[in-house]
Amino acid sequence: IVDYGGANAAKPLHVGHLRSAIIGESIKRMGRFLGHKVIGDVHLGDWGLQMGLIITELKKRSPELVYFDDSFEGDYPEEAPFTVSELEEIYPAASAKSKEDEAYKNEALEATLQLQQGKRGYRALWNHIMKVSVEDLKKNYSKLHVDFDLWMGESDADRYIPDMVDYLKKNNYAYVDQGALVVDVKEESDTKEIPPCMILKSDGASLYNTTDLATIVQREEDYHPDEIIYVVDKRQELHFVQVFRCAKKAKMVEEKTALSFVGFGTMNGKDGKPFKTREGGVMRLERLIAEINDEMYKKIVENRSVKDENAQKTAEMVGLAAIKYGDLSNQASKDYIFDVERFTSFEGNTGPYILYTIVRIKSILEKYMQEGKNPNEGTILEAVNDSEKNLMLELSKFNSVIAPAFEEKAPHKICSYIYDLANAFNSFYHETKILSESNEEQKKSWIRLLVLCRDVLETCIDLLGFEAPERM
């Protein structure tokens, strides 16, 4: 199971959600390609204070809504009393109020508790929030070619918590310390202090630790996974050390189940600080994608290489390659500079350069087929020069790259491979007159080599989560 995405319900995706989605999607695709059964889970934040804040703010604005009438016993409306854009305005407004108004915050905390305890009207509202929010999230994730098998959230793990807490107490894994329920997870080999894993706060409230452990219990019950991979900001590492150790110590997972943490660094602007809008706010993912697509569209139209009606679609494909390759070509754990100018360039180690190489190969193959010939005939002969030999050697590395890239959860290894492969192909192309070769057997051999090169490149970019257009 790959746990990635980690979006919050009722909040729009912003650039901080980009890396988890892109890296997790690639790890999932690599695993499937190698024959593993891989399940992707978005693991939504859908159960916390943000829900109580939204309910409280709705109650202030529209107290007449039937959800707030405790005596109501009928069926609640099918339609949500808000749109996604209204929802996206309600949450920040409520959040700002709660920071200034203690009484308002307490009301929201109380609403959260009542929701979690199953208050009918609040549950109905929560279902509306989830439906509206998840539809919007699916739309935005699909623009990134990211899709999840499971749309589970913290709320799904909630019902596992009471039994889990009983189990930890009964088997003497957990004890009470200053009113809180904790499990010791430190080990003798630790070089730094690893605090106990807190299961319940002194007021009995659950925490991230609690829902993450309950989620492990749920996954173990439903799937008995061999491995659960968490793709999360590297600053969360201590949290996952505590959770994983607690799960292992308390035998919540089988001995052989691997719990893996893939921590990623931050995506920074050219100033080296976390990527922001020009106004200094957190940039929404939609806006980032739109800005990249506009940049690509301008470049494509300037080149006049694609007919106008296809230019927009092509810009979107190349834009996605620019974003994904720009991110994945860095080692996941490192911070990196998101440089729009560099990432959208057709030269150098970029997504557009890789696509440009694939499109160049497709164009040669198309011309060959226009001569009425089949590119899949003939055999690959011995190399006639160094650049062809070099291309063959690069192609032969494919298997030795993909398996370790998955084992090490390292999509950047695939990026560096296809960059070398694209360079090898372009050197060969510049030195070799492929279509004007008079020796038919030699020409067939080169065409077969091109087919292989196209297939390897397209397989690799599919593992990275983007695709190449027919023309560029």
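The values are calculated or read from the model by the stated rules, or taken from the named source; none is laboratory data. The model shown is predicted, which means the values in this text are computed figures rather than measured ones. All Cβ positions, even for glycine, are placed from backbone atoms using ideal geometry, and neighbour counts span all protein chains on display. SASA here: full protein model, heavy atoms, side chains in, ligands and nucleic acids out. Shrake-Rupley method; radii C 1.70, N 1.55, O 1.52, S 1.80 Å.
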Original post:
Residue by residue through region 98-107, which ³J(HN,Hα) values in whole Hz follow from phi under the Karplus form 6.51 cos²θ - 1.76 cosθ + 1.60 (θ = phi - 60°), with glycine and proline marked x?
Top reply: 5, 6, 9, 10, 4, 4, 4, 4, 5, 4
**OP:** Express the Stokes-Einstein translational diffusion coefficient of region 93-145 in µm² s⁻¹, to the nearest whole number, given a Kirkwood radius over alpha-carbon pairs, 25 °C and a viscosity of 0.890 mPa s.
**Re:** 189
Original post:
Excluding A96 itself, what net charge comes from residues whose Cβ is under 12 Å from its Cβ, given Lys and Arg +1 and Asp and Glu -1?
Top reply: -1
Original post:
When the Debye formula is applied to the Cα atoms of region 20-98, each taken as the same point scatterer, what base-10 log of I(q)/I(0) results at q = 0.13, 0.16, 0.19 Å⁻¹?
Top reply: -0.63, -0.76, -0.88
Original post:
What do you get when you divide the Cα radius of gyration of region 287-444 by 2.2 N^0.38 Å, with N the number of residues?
Top reply: 1.18
Subject >> Residue-wise HN-Hα coupling along region 437-450, computed from phi with Karplus coefficients 6.51, -1.76, 1.60 (Hz; x: Gly, Pro) >> reply: 5, 7, 6, 4, 4, 5, 4, 4, 4, 5, 5, 4, 4, 5
**OP:** Could you provide, to the nearest whole Å², the per residue accessible area of region 62-175 with probe 1.4 Å?
**Re:** 57
Subject >> Whole-number accessible area per residue in Å² for region 401-462, which is evaluated in the context of all protein chains at 1.4 Å >> reply: 40
**OP:** In Å³ and rounded to a whole number, note down the convex hull volume per residue for the Cα atoms of region 133-248.
**Re:** 150
**OP:** Output the antiparallel fraction of DSSP beta bridges having both residues in the chain, as a percent to the nearest 5.
**Re:** 40
**OP:** Could you tell me the distance between the Cα centroids of region 290-347 and region 361-377, to the nearest Å?
**Re:** 28
**OP:** Tell me which label goes with the value of Rg/Rh (Cα atoms, Kirkwood Rh) computed from the coordinates here: (i) 0.95; (ii) 1.00; (iii) 1.05.
**Re:** (iii)
Original post:
Got a number for carbon plus sulfur as a percent of the chain's accessible area, 1.4 Å probe?
Top reply: 48
**OP:** Please compute the net charge surrounding Y419, taking Lys and Arg as +1 and Asp and Glu as -1 over other residues with Cβ under 13 Å from its Cβ.
**Re:** -1
**OP:** Using amide H atoms built 1.01 Å from N in the peptide plane, name the residues 5+ places from E227, or on other chains, whose amide H lies under 5 Å from its own.
**Re:** A258
Subject >> Nearest-ten-degree value, helix 49-61 long axis tilted from longest Cα axis of the chain >> reply: 70
**OP:** Identify, among A383, S396, I414, the residue whose Cα sits farthest towards the positive end of the charge dipole of region 269-414, taking +1 on the Cβ of Lys and Arg and -1 on the Cβ of Asp and Glu, with the dipole about the Cα centre.
**Re:** I414
**OP:** Calculate how steeply helix 120-143 sits against the longest principal axis of the alpha-carbon atoms of the chain, using the helix alpha-carbon long axis, and give the answer as 0 to 90 degrees to the nearest 10.
**Re:** 10
**OP:** On a C-alpha basis, how far is the centre of region 74-128 from the centre of region 150-213 in Å? Whole number, if you could?
**Re:** 27
Original post:
222 nm [θ] for the chain, helices only, -39500 (n - 2.57) per DSSP H run of 4+, per residue, to 500?
Top reply: -18000 deg cm²/dmol
**OP:** Name the long-range amide H neighbours of F338: under 5 Å, sequence gap of 5 or more, or other chain; modelled H, no Pro or chain starts.
**Re:** N268, G269
Subject >> Average projected area [Cα convex hull, region 206-308], square nanometres >> reply: 11.4
Original post:
Once amide H atoms are built 1.01 Å from N in the peptide plane, which residues 5 or more positions from I199, or in another chain, come under 5 Å H to H?
Top reply: L181, V182, V183
**OP:** First measure r as the distance between the Cβ atoms of N399 and E79, then evaluate 1/(1 + (r/R0)^6) with R0 = 51 Å and state the FRET efficiency to the nearest 0.05.
**Re:** 0.45
**OP:** For region 457-466, just list the computed ³J(HN,Hα) in residue order, Karplus coefficients 6.51, -1.76 and 1.60, θ = phi - 60°, integers in Hz, with x standing in for Gly and Pro.
**Re:** 4, 5, 4, 5, 5, 5, 5, 7, x, 9
**OP:** State the three equivalent ellipsoid semi-axes of region 345-421, derived from the C-alpha gyration tensor as the square roots of 5 times its eigenvalues, in descending order and whole Å.
**Re:** 26, 18, 13
Original post:
According to a simple spin-label model (label point 7 Å from Cα along Cα-to-Cβ), what is the distance in nm between S427 and K249?
Top reply: 5.5
**OP:** Specify the angular offset, from 0 to 90 degrees and rounded to the nearest 10, of the alpha carbon long axis of helix 398-407 from the longest principal axis of the alpha carbons in the chain.
**Re:** 10
